[in-house]
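In what follows, a single structure is set out as structure tokens and then discussed.
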Amino acid sequence: MSKEPVAVVGVGQTVHTAARRDVSIAGMVREAALRALADAELTWSDIDAVVVGKAPDFFEGVMMPELYLADALGAVGKPLMRVHTAGSVGGSTALVAAQLVAARIHSTVLTLAFEKQSESNAMWGLSLPVPFQQPLLAGAGGFFAPHVRAYIRRSGAPATTGTLVAYKDRLNALKNPYAHLHEHGLTLEKVRSSPMLWDPVRYSETCPSSDGACAMVLTGRAGAARAPRPPAWLHGGAMRSEPTLFAGKDFVSPRAGRDCAADVYRQAGITDPRREIDAAELYVPFSWYEPMWLENLGFAAEGEGWKLTESGATALDGELPVNPSGGVLSTNPIGASGMIRFAEAAQQVRGAAGEHQIHGARRALGHAYGGGSQFFAMWVVGTEPPAR
């Protein structure tokens, strides 16, 4: 039996900010869910199941929050599933929900991811000594900075690349009303002169700590036919993982990322991603990861990703716009960051991205990674239903 085609018919986000002190976690997630339902012109009664994702429970200190959030998400008496794959969880949560529809287990699924970093301490949580593991030192930046330096040595990238990415994404965020950081008056020189945190990553080249949630409504062909707006159709989706540490692991271009991309492109019938994808929402928490992921995902040859960035190809008006929403560099509620990438990709092909809409976008990619570059999730969505 063939799979049911999967469509995104509703998208909802909260306004992301450093601290949502006006709402509880329950109030925050309900806000995103209600916006997704309103976008799809559906009610709670139309939802058959709910799939929730977030980062580790110890960030906020609330164990199994999906249980107490069931009421806020209209899930009482309905199947409720929790997904967790570290920072990639928002993407993998969306893929689990999509599979429930594709397998015809449920007709219409609400999927949501969130984080309330103002009620947590992610830096502390990411600095805990774990037995038999490489120490993270000063949080995620302390872990990833050596891999960035390795990329610079391998590729010969100039020191300016990271600042160009950060400057681009923060300018894009000014066009996104949901983005956390709106840095009016930002200049390239301000980015270049910001304090060095983890050499070579500067303060302006790293992501913020955000409160926020993102939700989507996924359905099949019949539900898409009733949708009030054009849907985004899932053309391919995949998850891959690998250990944090193992002999021969390539931290600059992880095998799991390459394999995940290859599977998604195969499903979507894509042979030249740089030419066949109109917009990409990549998980870039530190600016140097844009050129690194461009290579890992097959948009550029090894050692050539930085040249795409330096040429302006990844700008909003470039041949391959990357993170037109402002990306993780501008908004980072960790558990939701991956789903935001997927949702923003869907909005592009729905023509619903507002001021950061890429004209004529017909296919877009959403990407998320997590842990020590060990968990990967991707999807490609398009304006037309997938070929049978």
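Quick notes on this one:
- Kirkwood-Stokes translational diffusion coefficient of the stretch 1-56, alpha-carbon pairs, 4 °C, 1.567 mPa s, µm²/s: 97
- The label-point distance for Arg229 and Gln267, in a model that sets each label 7 Å from Cα toward Cβ, rounds to 2.4 nm.
- Remark: relative contact order (the stretch 169-232) = 18 percent; criterion is Cα-Cα distance under 8 angstrom and separation of 6 or more residues.
- Members of Lys54/Lys249; Lys3/Lys116; Lys54/Lys190; Lys175/Lys249; Lys249/Lys307; Lys3/Lys249 lying beyond 28 Å, as alpha-carbon distances in this model show: Lys3/Lys116; Lys54/Lys190; Lys175/Lys249; Lys3/Lys249
- One Cα centroid belongs to the stretch 273-309, the other to the stretch 1-43; the line between them spans 28 Å.
- When a 1.4 Å probe is rolled over the protein heavy atoms, the share of accessible surface on the stretch 195-246 that falls to carbon and sulfur comes to 56 percent.
- Exposed loop sites, defined as chymotrypsin sites (Phe, Trp or Tyr not before Pro) outside DSSP H, G, I, E and B with at most 11 other Cβ atoms within 10 Å, are absent from the longest region of the chain, namely 247-388.
- Mean Cα-pair separation over length for the chain, i.e. relative contact order, pairs under 8 Å, 6 or more apart, %: 26
- Accessible area per residue, Å², the stretch 267-388 with all protein chains present, probe 1.4 Å: 28
- Rounded tilt (10° steps) of 255-268 against the dominant C-alpha axis of the chain: 40
- Surrounding net charge for Ala213, when Lys and Arg each add one and Asp and Glu each subtract one, Cβ distance under 12 Å: +2
- The dipole here belongs to the stretch 140-251: it is taken about the Cα centre, uses +1 on the Cβ of Lys and Arg and -1 on the Cβ of Asp and Glu, and is about 360 debye.
- Given in Å, the Rg to one decimal and the Dmax to the nearest whole number for the Cα atoms of the chain are 19.2, 58.
- Mean ellipticity per residue at 222 nm, deg cm²/dmol - from DSSP H runs of n ≥ 4 across the chain, formula -39500 (n - 2.57): -9500 deg cm²/dmol
- Only Lys, Arg (+1) and Asp, Glu (-1) charged, at Cβ; the chain dipole about Cα centre in debye: 400
- The residue list Ser193, Gln99, Thr309 was ranked by how far each Cα lies along the charge dipole of the chain toward its positive end, using unit charges on Cβ atoms, and Gln99 comes out on top.
- In the context of the full set of protein chains, the stretch 162-259 has a per residue accessible area of 43 Å² (1.4 Å probe).
- Considering only the chain, percent of DSSP beta bridges that pair antiparallel, nearest 5: 70
- The charge dipole of the stretch 194-331, taken about its Cα centre with unit charges on the Cβ of Lys, Arg, Asp and Glu (plus for the first two, minus for the last two), comes to roughly 600 debye.
The values are calculated or read from the model by the stated rules, or taken from the named source; none is laboratory data. This is a predicted model, so every value here is computed, not measured. So basically every Cβ, Gly included, is an ideal-geometry build from the backbone, and we count neighbours across all protein chains shown. What goes into the accessible areas is simple: the full protein's heavy atoms, side chains included, and nothing from ligands, DNA or RNA. Shrake-Rupley method; radii C 1.70, N 1.55, O 1.52, S 1.80 Å.
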